[in-house]
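The values are calculated or read from the model by the stated rules, or taken from the named source; none is laboratory data. As the structure is a prediction and not an experimental result, all values here were calculated from the model. Heads up, the Cβs are rebuilt from the backbone with ideal geometry, glycines too, and the neighbour counts pull from every protein chain shown.
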Amino acid sequence: MKKAGRKVDLTNINIKEIEDWIQKSNQSKTILKCHTILALHKGNQMKHVCNVMGVTRETVRLWKEQLRKGGVKELLKKGKVGKRSKLTPLKLNELKKAIKQLPENFDLEGKLWGGRLVMQYAQKKWKIQISIRTAYQWFNKAK
C-alpha cells in the first residue's frame, strides 16, 4: 500500500465558501454526479469514490439507474427534494457543547447522554419533536 504524501497546504482558502456554494448550486450537483460516474469508470473503488464525493452507495446506484433509463437527460432531471434536517450547524454546535456537560444542567433526568436525552434536550431547547432514531443520529454527530 502506498504511503500518503504530506498534507496539502490550504491556508487562506475559504473552505466554508466552497461548501456553501456546493450546497446551494445546482451546477455543482450536476458536476458531482458526472464526476462520480467517471471516477468509477476509471476504475476507482466504490468506497473511495463515495468517501471523496460525499455520497452513499445507494445514491450512486440511483444515478446509474437514471443513466441506464434515459442517459444524461434523465440524470440531470430535477428530483424530489428530501426533508431538510432540523439539526442546523448552529444547533449541532450547541448540542456538542451540551453533551460535554451533565444532563442535570439542562433539567434533564439521567446521568449519561444518549438518544433519549438528546430527544428531550431538542424538545426543551428548540421545541423540536424528533424520533429516538433521529436523536441517536444527532448524538453520534455531536460526539
Flag for THR30 being among the β-branched types (Val, Ile, Thr), over 28 Å from THR134 (Cα atoms) and modelled with pLDDT under 85: yes
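Yes/no matrix, rows are residues, columns are (1) in a helix (DSSP H, G or I); (2) among the aliphatic types (A, V, I, L, M); (3) over 30 Å from LYS127 (Cα atoms); (4) without any contact (Cβ under 8 Å) to a residue 40 or more places away in the chain:
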{"residue": "CYS50", "(1), (2), (3), (4)": "yes, no, yes, yes"}
{"residue": "LYS83", "(1), (2), (3), (4)": "no, no, no, yes"}
{"residue": "LEU87", "(1), (2), (3), (4)": "no, yes, no, no"}
{"residue": "LEU90", "(1), (2), (3), (4)": "yes, yes, no, yes"}
{"residue": "ASN93", "(1), (2), (3), (4)": "yes, no, no, yes"}
Test: GLU65 is free of Cβ contacts under 8 Å to residues at least 24 places away in the same chain, acidic (Asp, Glu) and farther than 29 Å from ALA142 by Cβ: yes
Near pairs, Cβ below 8 angstrom, 6+ apart or cross-chain, from region 10-32 (touching a residue at least 24 places away in the same chain (Cβ under 8 Å)) to any residue that is loosely packed, with under 10 Cβ neighbours inside 10 Å: none
Hits in region 95-116 (condition: surrounded by 18 or more Cβ atoms within 10 Å (Cβ to Cβ), within 21 Å of the chain's Cα centre (by Cα) and not in a helix (DSSP H, G or I)): ILE99
Matching option when the condition is over 18 Å from the mean Cα position of the chain (by Cα) and over 25 Å from PRO89 (Cα atoms), among LEU10, LEU62, LEU40: LEU40
All positions within region 117-143 that are surrounded by 17 or more Cβ atoms within 10 Å (Cβ to Cβ) and outside any loop (DSSP other than H, G, I, E, B): LEU117, VAL118, MET119, GLN120, TYR121, ALA122, THR134, ALA135, TRP138, PHE139, ALA142
Of the criteria (1) over 23 Å from TYR136 (Cα atoms); (2) in contact with a helix residue (DSSP H, G or I) (Cβ under 7 Å, 6 or more places away or on another chain), which one THR56 fails: (1)
